[in-house]
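The values are calculated or read from the model by the stated rules, or taken from the named source; none is laboratory data. The structure presented is a predicted model; accordingly, all values stated were derived computationally and were not measured. Don't worry about glycine lacking a Cβ; one is built from the backbone with ideal geometry, like all the others, and counts go over all protein chains shown.
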Amino acid sequence: MKDILSKTIDVAVQRFHAEYAEVRAQKLFKTMLTLKEERVEAVKQGIENGAAFRVLVNGAWGFASVGTFNAETLTNAVSDACKMAKAASSRLKKPIKLVDTKAVQDKVPLKTRKDPSKISIEDKVNTTSTMSKTILDYDSRIRSCTIDYLDLTGTSYFINNEGSCIEQNKLYVWSRLLAIAAEEGVFTYSREEIGSTAGYEIFDVETPEIVGERTAKRAVEQLKAKPPKGGTFPAVLGPSVVGVFVHEAFGHLAEADLTLLGSVLLDKLGKKIASDNVTFYDDGSIEGAFGSFKYDDEGVPTQKTLLVKDGVVVGLMHNRETAQKFNAKPTGNARAEDFRFEPIIRMRNTFIEPKDHSFEEVVEDMKFGYYLKIFRGGQANLDGTFQVGIQEAYEIVKGEVGAPVRNASISGNTLETLLKVDAVGKDFELWPGRCGKGQTAFICDGGPHIRVKEVLLGGSA
Amino acid sequence: MVVALKKEEILGLAEKAVNLAQRKGVDEAEAFVYQGLTTDVSIERGQIARSSRIIDRGLGIRVIVNNTIGFSYTNMLESEAVIEEIVLKAFKSAKASKPDKDWHGLPTKKTFSSVKGTYDKRIVELNSEDLVNIASIMLDTAEKTDDRIFPIEGNVGASYLCKAITNSNGVEGFDHGTIVECSLETIAREEGEVTPACFEFNIERTYDMNPEWVGKEAARLAASALKSKRTETKSTDVVFTQFAIQQLFHYTLINAVKADYIQRNQSAFKGKIGEKVASEIVTIYDDGLFNGGLRTWKFDGEGVPQQKTPIIDKGVLRNFIYDNYTANKETKESTGNASRAGYLSTPNVEATNFRIMPGNKSPEELVSGLKKGLLVYYLQGAHSSNPASGEFSVVATPAWKIENGEIAYATKGAMLAGNIFQVLTNISELANNERKIGQLITPWILVENVKVVGK
């Protein structure tokens with residue numbers, strides 16, 4: 001396998017004079033399940049093989065992906081990549097360069113206790129059926145539920161012309177639970193996700209009964225919730241909302257490719273953008289977390305990257321191309337969903353570091369505001385405008401958590417909002433999720449509870 | 001160069017997989033083969049910096065054993081052993097699953113629809129040099145339009161797609177098509193202000209592109225988003241462009257007409273056929289045969305002919321959309337709305353070309369008729385809408401304030417909140433500028449009385 005791949009790299013360098021050439025080859029196995037209520041829609045299994053070539057010729061990138069390991073087809077594909085690069089280089093203004101990195105030879109085995117590929121399909125059907133049953137039996141007002149399950153195992157090979165040769169075994173287990181409740185024309189919606197790189201043992205902690213009940217309970221309790229008032233209010237964000245806020249509102253702006261596109265962080269390196277109590281990390285080395293791995297898809301070791309320290313921007317997330325541009329070290333953030341995609345800068349596990357406040361201290365001085373506990377979705381723009389939709393929220397009245405509120409959504413400008421963080425809790429939670437940036441990456445985000453002096457809350461009609 | 005598999009090869013693969021499954025003793029079997037070849041040139045940070053060629057093809061097999069369903073797929077089409085292995089995996093998956101009492105069989109053979117404007121040889125013949133030329137035109141036009149703008153991302157892509165289906169009821173089909181697209185995203189910068197990213201694109205099934213227009217519009221929009229102001233909190237008339245409508249409808253309205261959502265009590269439209277659900281100027285079709293439509297094909301993901309289905313007629317709800325499974329549940333016929341994510345998935349109910357019929361006024365007339373209002377191009381956060389209730393709370397990035405019939409200035413950070421079903425009844429005008437965007441074909445629409453939260 002490695003011999004065939006190495007030969008294709010030689011073709012790029014010798015026949016097409018590529019300055020840089022890499023190949024990523026993958027053998028992947030997937031099991032997927034969807035349950036709609038108690039009905040198992042289909043049990044699905046997939047086998048995928050493929051190779052992706054990425055080359056630099058005359059300073060431009062060429063990329064080709066094929067679903068085979070056939071030697072002749074691979075040679076054709078690497079030639080395609082080189083010809084693509086050459087075509088693209090014809091209008092190039094500034095040639096692309098990569099920062100130097102140490103060549104790595106390594107083999108990364110799995111450390112799982114319960115390899116999902118060794119678990120029977122019957123077992124997976126049982127686990128997801130229990131989730132579904134728990135949700136449906138929770139309350140008669142639950143109208144429907146959808147359970148998705150995915151496990152992915154396999155091997156990735158990375159070889160480049162600088163002498164790197166890495167073989168990594170991969171493992172992901174993921175599940176999503178959705179519940180819908182309705183009463184008197186009010187529909188509520190609740191979602192939970194589970195994700196791990198450790199193994200099927202995740203279901204020993206996040207048992208189907210525990211996550212099923214958490215999902216169902218939220219959908220039912222939201223039925224009696226009222227719509228929020230629209231306007232500017234002080235707010236306490238729970239770890240799940242903090243996570244999405246850190247990821248969407250700040251994290252994307254600190255992905256160096258997006259920073260270079262002109263994100264509001266471009267001229268903020270070394271400057272203060274947040275309150276003193278705010279410290280951010282993006283960490284790919286947390287054992288078993290959904291966003292963790294040993295080497296990224298450019299063969300760079302992962303690390304714990306400090307992004308904001310005591311309110312000051314101290315780092316960005318890089319690949320080899322942006323690290324060269326910023327004269328920085330690569331941080332191991334180059335990730336590709338699979339062999340069909342080029343690696344781009346992605347987050348791993350992104351979070352705010354906890355400080356010293358208890359939850360009671362975070363809430364106690366608040367006359368009126370909102371406790372935004374669990375997120376529904378989020379999005380941000382390069383100018384720093386962010387939006388985070390909330391699935392579970394409460395009023396805070398005179399320092400006490402009060403009545404539930406539904407369909408809230410917050411928005412604002414990242415930099416303005418970060419300067420308004422006036423309390424950071426001492427608790428900590430990390431939540432698994434999936435992030436889309438033209439391709440999907442498995443990630444985590446989180447932090448402690450935080451308090452923000454004011455944030456714009458979108459009300460309901 | 002890596003080349004495409006031919007029609008005979010693809011149909012042969014599908015047939016072989018179904019035969020293998022039948023020999024295993026399954027009750028029913030269906031094979032779906034998908035192949036996509038895409039050549040793409042990308043713009044990054046103001047320059048053409050990369051090009052790619054991606055070939056993705058594979059086969060998915062669905063088998064039914066005693067009313068249990070199993071599915072397996074692979075992209076390793078050269079290997080007979082792997083095809084045999086996935087047939088076995090599909091069989092074992094079915095055995096491990098639970099029977100579905102509502103399963104009433106795969107579709108039977110029907111005559112496929114004829115479609116127009118879905119394949120263009122000129123797109124297949126485009127090479128990366130041609131795409132680089134198109135990208136240069138788009139980029140140069142944008143840069144010439146306004147010197148305060150910076151093109152951040154863009155692409156020009158040409159794809160050839162084909163699909164084949166065979167099932168044990170004698171359904172057999174092959175169809176192919178092309179897609180060409182170009183897009184550009186820009187921001188504008190002036191005196192420390194950075195605008196949100198503004199975006200324009202062309203996407204067509206035949207080779208009909210206007211890269212100059214895309215470049216010019218992307219630049220014009222970003223430049224006009226400069227000098228933005230905050231807006232106040234109040235209800236106002238809003239003109240939504242296609243970008244915004246696509247975002248708002250994708251997560252709410254389109255789901256609400258899917259038979260799957262109706263049957264599972266997740267749709268506010270349940271039991272409302274024949275009732276007025278929208279303003280009487282609103283007529284919507286799901287048109288799987290629309291000339292040159294982005295989702296126009298002869299047959300759907302199960303080999304059922306695609307069709308044109310009236311959804312809302314002059315404000316009255318007429319039909320929902322079905323795949324074979326949901327149709328069987330109500331002893332109805334499938335409307336040809338089974339969709340697949342290539343070879344990787346089993347079919348799901350999905351809209352084809354969801355067409356909101358245009359009106360007579362020009363988009364300029366929609367704006368000039370308003371004393372006060374908002375023109376909303378792009379929305380952020382629509383995916384966090386409540387899909388069951390239709391409630392949304394989103395940010396306009398950016399929107400433009402309309403005063404006395406003219407676009408006065410850009411606004412920043414305005415939030416829009418409401419319910420999509422309320423929006424449908426408040427539609428007061430439809431423009432005549434329909435265009436294709438994702439699964440939607442729509443003109444600009446004017447909606448009265450939308451709540452805007454600002455500060």
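The range A:1-91 holds strands (runs of 3 or more DSSP E) entirely within its bounds, and those carrying 2 or more residues that are at the interface with chain B (Cβ under 7 Å from one of its Cβ atoms) and of a type outside the set (K, R) map to A:39-57, A:60-66. Scanning the range A:183-208 for residues that are within 12 Å of another protein chain (Cβ to nearest Cβ) and surrounded by 21 or more Cβ atoms within 10 Å (Cβ to Cβ) yields A:F187, A:T188, A:Y189, A:S190. Inspect all residues belonging to the range B:182-194 and state whether any of them is part of a strand (DSSP E or B), surrounded by 18 or more Cβ atoms within 10 Å (Cβ to Cβ) and more than 14 Å from chain A (Cβ to nearest Cβ). Yes, the range B:182-194 contains at least one residue that is part of a strand (DSSP E or B), surrounded by 18 or more Cβ atoms within 10 Å (Cβ to Cβ) and more than 14 Å from chain A (Cβ to nearest Cβ).
Looking at B:V82, B:V87, B:V132, can you tell me which residue is free of Cβ contacts under 8 Å to residues at least 40 places away in the same chain, in a helix (DSSP H, G or I) and either more than 14 Å from chain A (Cβ to nearest Cβ) or among the β-branched types (V, I, T) (or both)? Spell out how you get there, then give the answer.
Numbers: B:V87 fails: free of Cβ contacts under 8 Å to residues at least 40 places away in the same chain; B:V132 fails: free of Cβ contacts under 8 Å to residues at least 40 places away in the same chain.
Of B:V82, B:V87, B:V132, the one residue that is free of Cβ contacts under 8 Å to residues at least 40 places away in the same chain, in a helix (DSSP H, G or I) and either more than 14 Å from chain A (Cβ to nearest Cβ) or among the β-branched types (V, I, T) (or both) is B:V82.
Against the test of being more than 8 Å from chain A (Cβ to nearest Cβ), in a strand (DSSP E or B) and either in contact (Cβ under 8 Å) with a residue 40 or more places away in the chain or surrounded by fewer than 20 Cβ atoms within 10 Å (Cβ to Cβ) (or both), the options B:I48, B:I43 yield a single qualifying residue, B:I43.
Within the range A:368-390, no residue satisfies the criterion of being at pLDDT 95 or above and either facing chain B (nearest Cβ under 7 Å) or in a loop (DSSP other than H, G, I, E, B) (or both).
Being out of contact with any helix residue (DSSP H, G or I) (no Cβ under 7 Å at 6 or more places or on another chain), in contact (Cβ under 8 Å) with a residue 40 or more places away in the chain and either within 14 Å of chain A (Cβ to nearest Cβ) or more than 15 Å from B:S113 (Cα to Cα) (or both) is the filter here, so list the residues in the range B:340-352 that pass it. Even if it seems obvious, please write down each step before you answer.
So the first thing to find is which residues in the range B:340-352 are out of contact with any helix residue (DSSP H, G or I) (no Cβ under 7 Å at 6 or more places or on another chain), and the list is B:340-348, B:350, B:352.
So of that shortlist, the ones also in contact (Cβ under 8 Å) with a residue 40 or more places away in the chain come out as B:340, B:342-348, B:350, B:352.
Across the range B:340-352, the qualifying residues are B:R340, B:G342, B:Y343, B:L344, B:S345, B:T346, B:P347, B:N348, B:E350.
Looking across the range A:229-248 at every residue that is within 11 Å of chain B (Cβ to nearest Cβ) and part of a helix (DSSP H, G or I), the one that is farthest from A:P354 (Cα to Cα) is identified as A:E248. Pairing each residue of the range A:83-105 that is closer than 18 Å to A:V13 by Cβ with any residue that is of a type in the set (D, E) and modelled with pLDDT of 95 or more, provided the two are 6+ apart or on different chains, yields C-beta distances under 7 Å for A:I96/A:E321; A:L98/A:E321; A:A103/A:E162. Is there a residue being touching a residue at least 24 places away in the same chain (Cβ under 8 Å) and over 27 Å from B:T178 (Cα atoms) anywhere in the range B:202-211? Looking for residues that are touching a residue at least 24 places away in the same chain (Cβ under 8 Å) and over 27 Å from B:T178 (Cα atoms), one finds none in the range B:202-211, hence no. Entry remark, the range B:274-303: residues being under 22 Å from B:L161 (Cα atoms) and assigned to a loop (DSSP other than H, G, I, E, B) number 15 in total.
Out of B:V18, B:V33, which single residue is closer than 16 Å to B:D175 by Cβ, surrounded by 21 or more Cβ atoms within 10 Å (Cβ to Cβ) and either outside the structural domain of B:G154 (by TED's automatic domain parsing) or not acidic (D, E) (or both)? Talk me through it step by step, then tell me what you get.
Details: B:V18 fails: closer than 16 Å to B:D175 by Cβ.
Residue meeting the stated conditions: B:V33.
For the range A:273-289, a tally of residues being surrounded by fewer than 16 Cβ atoms within 10 Å (Cβ to Cβ) and assigned to a strand (DSSP E or B) returns 0.
Quick one: would you say B:S97 is within 10 Å of another protein chain (Cβ to nearest Cβ), over 28 Å from B:G36 (Cβ atoms) and more than 28 Å from the chain's Cα centre (by Cα)?
Working: within 10 Å of another protein chain (Cβ to nearest Cβ): yes; over 28 Å from B:G36 (Cβ atoms): yes; more than 28 Å from the chain's Cα centre (by Cα): yes.
Spelling it out, B:S97 is indeed within 10 Å of another protein chain (Cβ to nearest Cβ), over 28 Å from B:G36 (Cβ atoms) and more than 28 Å from the chain's Cα centre (by Cα).
Checked across the range B:409-425, the condition of being farther than 30 Å from B:R295 by Cα, of a type in the set (S, T, N, Q) and in contact with a Lys or Arg (Cβ under 6 Å, 6 or more places away or on another chain) holds for at least one residue.
From the list A:P343, A:P330, exactly one residue is over 24 Å from A:P234 (Cα atoms) and either within 14 Å of chain B (Cβ to nearest Cβ) or of a type in the set (A, V, I, L, M, F, W, C) (or both). Which is it? Outline the logic, then answer.
On the way: A:P330 fails: either within 14 Å of chain B (Cβ to nearest Cβ) or of a type in the set (A, V, I, L, M, F, W, C) (or both).
None of the others qualify; the one that does is A:P343.
Going by the structure shown, is B:R355 more than 18 Å from the chain's Cα centre (by Cα) and either closer than 30 Å to B:N426 by Cα or not assigned by TED's automatic domain parsing to the domain that holds B:A256 (or both)? When the stated conditions are applied, B:R355 does not pass them.
The single condition among (1) in contact with a Gly (Cβ under 6 Å, 6 or more places away or on another chain); (2) within 12 Å of another protein chain (Cβ to nearest Cβ) that A:L136 does not meet is (1).
Do the conditions hold for B:F249, that is, is it outside the structural domain of B:S114 (by TED's automatic domain parsing) and of a type in the set (F, W, Y)? In short, yes. Apart from one condition, B:A4 fits all of (1) surrounded by fewer than 20 Cβ atoms within 10 Å (Cβ to Cβ); (2) assigned to a helix (DSSP H, G or I); the exception is (2). Could you tell me whether A:E287 is within 14 Å of chain B (Cβ to nearest Cβ) and not aliphatic (A, V, I, L, M)? In short, no. If I ask for residues that are under 21 Å from the mean Cα position of the chain (by Cα), of a type in the set (A, V, I, L, M) and not in a strand (DSSP E or B), which ones from the range A:168-215 would you list? The answer is A:A198, A:I202, A:V211.
Which strands (runs of 3 or more DSSP E) does the range B:318-414 wholly contain that include 2 or more residues that are aliphatic (A, V, I, L, M) and either out of contact with any Gly (no Cβ under 8 Å at 6 or more places or on another chain) or crowded, with 22+ Cβ neighbours inside 10 Å (or both)? Steps first, answer last, please.
Details: elements: B:354-356, B:372-376, B:391-396, B:399-403, B:406-411.
By residue number, B:372-376, B:391-396, B:399-403, B:406-411.
Applying a threshold of 8 Å to beta carbon distances and a minimum spacing of six or more residues, or different chains, the list of pairs starting in the range A:263-277 at a residue that is away from chain B (no Cβ under 12 Å) and over 14 Å from A:L307 (Cβ atoms) and ending at one that is part of a loop (DSSP other than H, G, I, E, B) and not charged (D, E, K, R) reads A:S275/A:G311; A:S275/A:L419; A:D276/A:G311; A:N277/A:G311. Given the structure, is A:K102 more than 11 Å from chain B (Cβ to nearest Cβ), under 32 Å from the mean Cα position of the chain (by Cα), surrounded by fewer than 24 Cβ atoms within 10 Å (Cβ to Cβ) and assigned to a loop (DSSP other than H, G, I, E, B)? Against the criterion (more than 11 Å from chain B (Cβ to nearest Cβ), under 32 Å from the mean Cα position of the chain (by Cα), surrounded by fewer than 24 Cβ atoms within 10 Å (Cβ to Cβ) and assigned to a loop (DSSP other than H, G, I, E, B)), A:K102 qualifies. Checked against the criterion of being of a type in the set (D, E, K, R) and farther than 26 Å from B:Q380 by Cα, the candidates A:E321, A:E337, A:E255, A:E248 yield just one match: A:E321. Just one of the numbered conditions (1) surrounded by fewer than 20 Cβ atoms within 10 Å (Cβ to Cβ); (2) closer than 20 Å to A:R434 by Cα is not true of A:K398: (2). In the set (1) acidic (D, E); (2) surrounded by fewer than 19 Cβ atoms within 10 Å (Cβ to Cβ); (3) under 23 Å from the mean Cα position of the chain (by Cα), B:E172 fails one condition alone, (3).
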